[in-house]
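These notes concern the structure reproduced below.
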Amino acid sequence: MTKIIIPALLSLLLLSVKGQALPYQVITVADELNYPWSLAFLPDGNLLVTERTGNLKQLSAAGEVTADVAAALPELYVAAQGGLLEVLVPAAYSQNQQILVSYVCGDGNANTLCLASGRWQAQQLTDIRQLFKAEPYRKGAAHYGGRMVQLPDGSILLTLGDGFDYREQAQNPANHLGKIVRLQPDGSVPADNPFIDQPGYASEIYSIGHRNVQGIVYDAASNQVYSHEHGPRGGDELNRIQAGKNYGWPVATRGIDYTGARVSPFRQYPGMAEPIWHWSPSIAPAGMTLYQGELFPSWQGNLFITALAGKALHRLEMVNGKVVSEQLLLTELNSRLRDVRSGPDGALYILTDSASGKLLRLLPAPQ
């Protein structure tokens, strides 16, 4: 597979003549967010933003903080990569005001990723109920996954990391490490999960062989699920996710270990799905969204991925499920970018990753 990367300063899409303004504008909607991790849009036009340190904030469209709640989640554990992670507003929110949050629960000696539901009403999170707890517990505070997407049938895909020091467990079908699981919004297991009746397999599993999935989207036009995951030193992947498939980690990878040693001699392995795109050296991909707005017509159907180490917003042009070009945006910010979402107004919304994080809105430049 051939990679086509067009740096922001060279792309005609991004800068037509040196010294002229970029054809987009970046507006700071809110700042002083404490390691913001995820954002979601409410039907009334407000936004929810999670802070990894444990707070859930409601912001108006203008960026005013209208609620700031310390999420009273069972056994919430905040350390390193652990804490409050994703917030998802399910399709049924207008009927029941239920939201879903992923977070790390436990302590430094024994922790895991958990999923909880709660009712977001009157700027308060109430009726909190833990729905799912990944097994087994592990030490450390890295590689939790934690991203979610809702499928058309109402079920939820939840991503799970390999725990960093437990990478071989990504190939163990009896547990949840290094897996994507599929659940109903109440935490129950769908009857048509791929391994529901298979001995030795956890019934929640949807796919296996992942390292640390930090982005997942559903494309309704093609009925496809895409996810990306961190490699070690290199080997970050974009995958097309299908029920029951094995995505290779750590048997097949383009990355090498942080020590410089080879993780595996195999880049491909029989019976394991290959990525549709990859990055070496690593960009540390974080959030991902499928652009479906009208403000940037030429971006319709493109995937946008935020990068932490890479400090850029990657635009992937998709044609028939394949990446045909890649462009880097927002490199001028020189910021770690945590999440990106396609807003109901057609703008792109981006979270920067720091103790004084920002919520940014990407709009076309004034004509």
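The values are calculated or read from the model by the stated rules, or taken from the named source; none is laboratory data. Not measured: the values here are computed from a predicted model. Because the Cβ atoms are built from the backbone with ideal geometry, glycine has one as well, and the counts that use them run over all protein chains shown. What goes into the accessible areas is simple: the full protein's heavy atoms, side chains included, and nothing from ligands, DNA or RNA. Shrake-Rupley method; radii C 1.70, N 1.55, O 1.52, S 1.80 Å.
Heavy-atom accessible surface of the chain, averaged per residue, reaches 41 Å², computed with a 1.4 Å probe. When peptides 161-172, 127-138 are sorted by average Cβ neighbour count within 10 Å, with the highest value leading, the order is 161-172, 127-138.
The overall shape of the stretch 178-233, judged from the alpha-carbon gyration tensor, is oblate: a/c is not under 1.5, and a/b is no greater than b/c. Computed extension gain for ASN34 through ASP197, at 0.36 nm per residue and net of the alpha carbon distance, reaches 54.4 nm. A simple spin-label model places pseudo-atoms 7 Å from Cα toward Cβ; at SER94 and ALA309 they are separated by 4.3 nm. Of the solvent-accessible surface of the chain, computed with a 1.4 Å probe and all protein chains present, 50% belongs to carbon and sulfur. Output the pairs from LYS57/LYS311; LYS139/LYS179; LYS245/LYS322; LYS133/LYS322 with a Cα-Cα distance over 29 Å in this structure; if there are none, say none. Distance filter (> 29 Å) returns LYS133/LYS322. Once backbone amide H atoms are built at 1.01 Å from N, GLY215 has HIS228 as its partners under 5 Å, excluding neighbours fewer than 5 places away on the same chain.
The amide H of SER354, built 1.01 Å from its N in the peptide plane, has TYR35 as neighbours under 5 Å, considering only residues 5 or more places off or on other chains. Report the calculated FRET efficiency for ALA62 and TYR137 (r = Cβ-Cβ distance, R0 = 41 Å), to the nearest 0.05. Here the calculated transfer efficiency is 0.45. Estimated at 0.36 nm per residue, the fully extended path between ASP107 and ASN334 surpasses their Cα-Cα distance by 78.3 nm. Full extension of the chain segment joining ASP165 with SER222 gains 16.9 nm, where the gain is 0.36 nm per residue of separation less the Cα-Cα distance. Taking each DSSP H run with n ≥ 4 as -39500 (n - 2.57) and averaging over every residue of the chain yields 0 deg cm²/dmol at 222 nm.
Each residue of the stretch 261-277 was assigned a 3J(HN,Hα) from its phi angle through the Karplus curve 6.51 cos²θ - 1.76 cosθ + 1.60 (θ = phi - 60°); the sequence is 6, 6, 6, 8, x, 10, 8, 10, 8, x, x, 10, 6, 8, x, 8, 7 Hz, with glycine and proline shown as x. Normalising the average separation of contacting C-alpha pairs (under 8 angstrom, six or more residues apart) by the number of residues puts the relative contact order of the stretch 106-235 at 19 percent. Mean separation of Cα pairs under 8 Å and 6 or more residues apart, divided by the residue count, gives the chain a relative contact order of 15 percent.
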